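This report concerns only the one structure given below.
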Amino acid sequence: MPYPLNDWQLPPVWRVLFRGLDGLDQAKPLYGRLCALAEGGPKVLDGELVKSWNVEQDGGRFTATLNTGDTLEARVAFLGTHDGQSFLWADANPSLRAELTSPATVLRGLLPQELAVIRQRDATEITYRDAIALLGLAAEHLPCDLVYPAHSNGRLVLMVLSEAQLNTAREPSFLKRLLTRPRAPTVAEQLAALRRTVDQALNQWQQNLLPFDKLCALDPLAARAHAALIAGNAGQALAALEQIKAALGRYAVDQEPTGWVYFAEGIARLAVGNLPRARAAFAIAERAILPEPKCLILLAQARAAELDQGDHFLKSAYLSAPAIFEAQANAHEQTQVRAALAALAATRADLAPESLVKNAIAAFCDFERAAFARSQAAARFRQERHVLCEADEAATLLSNKAWVDLLLTWATPERATAPSSLSSDPDLAPERIEWFGEVKTTGAEATVTVGFKGRFAGATGRQVCYTLRQTAIPMLEGTMWRLESVRDVTDAVSYDLI
């Protein structure tokens, strides 16, 4: 089955994101400089050092408990967030207090014309690595003590910290008191020793990466492989791709061309009928720093999948990006997805907004409890036998299949194709509903706020706002109400469930 390649363009081997920006030290090798930015810069608070952290938006304060038992306090501001698919500038995020988003406004003003798309758009599809590079740029050009890329509810939250203070509960030793410096060390200096181990590992990793000039030298090989794919000559494409992989070495997955190289290899393996090797290549391509669009990878995985999994990957490809799916899927694949969408839509009928929210709350809760139980059962199976097994992989696949069907039933498309976290006792459970607000409808949009009791006696409850939209679903006839977003009013955060 030939893969549609008509709209492809060969990507550059390395994207020089920050060329021409004032203030960068051009004397250093460009590749090394970009690597430093991509790790967040020298002021980054490494996640390996942090045991737990908390932000109080009202007071603009950040606190963290380190693995050493020390605590870190600082004034916090936000650069932006990344949800795994796109980056949103903080000054365009309604869940953040406006006075805490100045780093985003200032840095957007500093970005050069080469980054006009990232600068001008409130939300843009860049990778995690690019988001960390923006944080490294903030560390270079904005007044701050530290920057911190924190993970929260499946999102990457990029914070800029100032007025930082490291507090220790440990008594200083006699030698430490004797050798105390006359001036108080900065927080960055205090954390330097804690970062040493991490830096050693990072330096070892960077030593194994190709320098910028050698990466550029791979362009002719990439062009040859691309031309062979377009011409339908899988053998020639594989030969050129093997040369690129050999040049990249054992740390290929940590380098920029890997996403395209392994995706192209998967297509070539698919063309010659080697499905196991194709699946392996697509799996690596998905983990690359700069992967191909998620929808294309899922569509390719559907074509390389075993018979009982192809339908799941097709639905996942549609869920991630319906427009790309319609443009790239063949007629048979589109027919399969249309039939699946119609069958799922029939299970929920044409519900009014209030009924839809109540049914969706129950459905998401049931899913989360069942998925958590599967993951726990797989963990027990592995621990009892003290061997590595496929139980975890099988549980994850079953949960992902249920997740995709859940979203295709209740939510608008363009969603993540796997849940980010699971709980045995979800907060938003139907039995915890304390009150159900009035449904407010404006045209094709409806909102309703629901009050949930806390998990335990005396615990603070939650107010959650559900937004629905009456819309046409791509590849499905008619219009219907679908969940568009779920926002926790109490904590001013958006859930990533849908």
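The values are calculated or read from the model by the stated rules, or taken from the named source; none is laboratory data. If you're wondering where the values come from, they're calculated on a predicted model, not measured in any experiment. FYI the Cβ positions are ideal-geometry reconstructions off the backbone, even for glycines, and counts take in every protein chain you see. Just so you know, the surface numbers come from the protein's heavy atoms only, side chains and all, with ligands and any DNA or RNA stripped out. Shrake-Rupley method; radii C 1.70, N 1.55, O 1.52, S 1.80 Å.
If you filter region 477-491 down to residues that are open to solvent by 30 Å² or more (accessible area, probe 1.4 Å) and of a type outside the set (S, T, N, Q), you find that the one that is nearest to Leu356 (Cα to Cα) is Glu484. Taken over region 326-362, the residue count meeting the criterion of being assigned to a helix (DSSP H, G or I), free of Cβ contacts under 8 Å to residues at least 60 places away in the same chain and surrounded by 13 or more Cβ atoms within 10 Å (Cβ to Cβ) is 4. For region 389-400, the count of residues that are at pLDDT 85 or above and either among the hydrophobic types (A, V, I, L, M, F, W, C) or open to solvent by 50 Å² or more (accessible area, probe 1.4 Å) (or both) is at least one. Does Thr409 satisfy the criteria of being surrounded by fewer than 17 Cβ atoms within 10 Å (Cβ to Cβ) and at pLDDT 90 or above? No: the conditions fail for Thr409.
Of the residues Ala237, Ala280, which is open to solvent by 10 Å² or more (accessible area, probe 1.4 Å) and either over 23 Å from Lys401 (Cβ atoms) or without any contact (Cβ under 8 Å) to a residue 60 or more places away in the chain (or both)?
After ruling out the rest, the residue left standing is Ala280.
Considered as a group, the residues in region 91-123 that are at pLDDT below 85 and in contact with a strand residue (DSSP E or B) (Cβ under 8 Å, 6 or more places away or on another chain) include one that is most open to solvent (accessible area, probe 1.4 Å), and that residue is Val117. Across region 415-429, what is the number of residues that are of a type outside the set (A, V, I, L, M) and buried (at least 16 other Cβ atoms within 10 Å of the Cβ)? Number satisfying all stated conditions: 5.
Assuming Phe381 fulfils every condition listed in (1) open to solvent by 50 Å² or more (accessible area, probe 1.4 Å); (2) within 25 Å of Pro430 (Cα to Cα); (3) touching a helix residue (DSSP H, G or I) at 6+ places or on another chain (Cβ under 9 Å) apart from one, which condition is it? That leaves (2) as the condition not met.
Within this structure, Thr127 fails the test of being open to solvent by 10 Å² or more (accessible area, probe 1.4 Å) and farther than 25 Å from Arg415 by Cβ. Out of the residues in region 437-472 meeting the condition of being hydrophobic (A, V, I, L, M, F, W, C) and either farther than 16 Å from Thr490 by Cβ or exposed (fewer than 11 other Cβ atoms within 10 Å of the Cβ) (or both), tell me which one is nearest to the chain's Cα centre (by Cα). Checking each candidate, the answer is Leu468.
Among all residues of region 318-325, there is at least one that is part of a helix (DSSP H, G or I), touching a residue at least 40 places away in the same chain (Cβ under 8 Å), within 14 Å of Pro474 (Cα to Cα) and open to solvent by 50 Å² or more (accessible area, probe 1.4 Å).
Scanning region 297-317 for residues that are at pLDDT below 85 and open to solvent by less than 20 Å² (accessible area, probe 1.4 Å) turns up nothing. Any residue that is in contact with a Gly (Cβ under 7 Å, 6 or more places away or on another chain), β-branched (Val, Ile, Thr), under 30 Å from Ala285 (Cα atoms) and crowded, with 16+ Cβ neighbours inside 10 Å - is there at least one of those in region 70-78? The answer is no; no qualifying residue exists. Only one of the listed residues (Pro112, Pro94) is free of Cβ contacts under 8 Å to residues at least 12 places away in the same chain and farther than 26 Å from Gln165 by Cα. That residue is Pro94.
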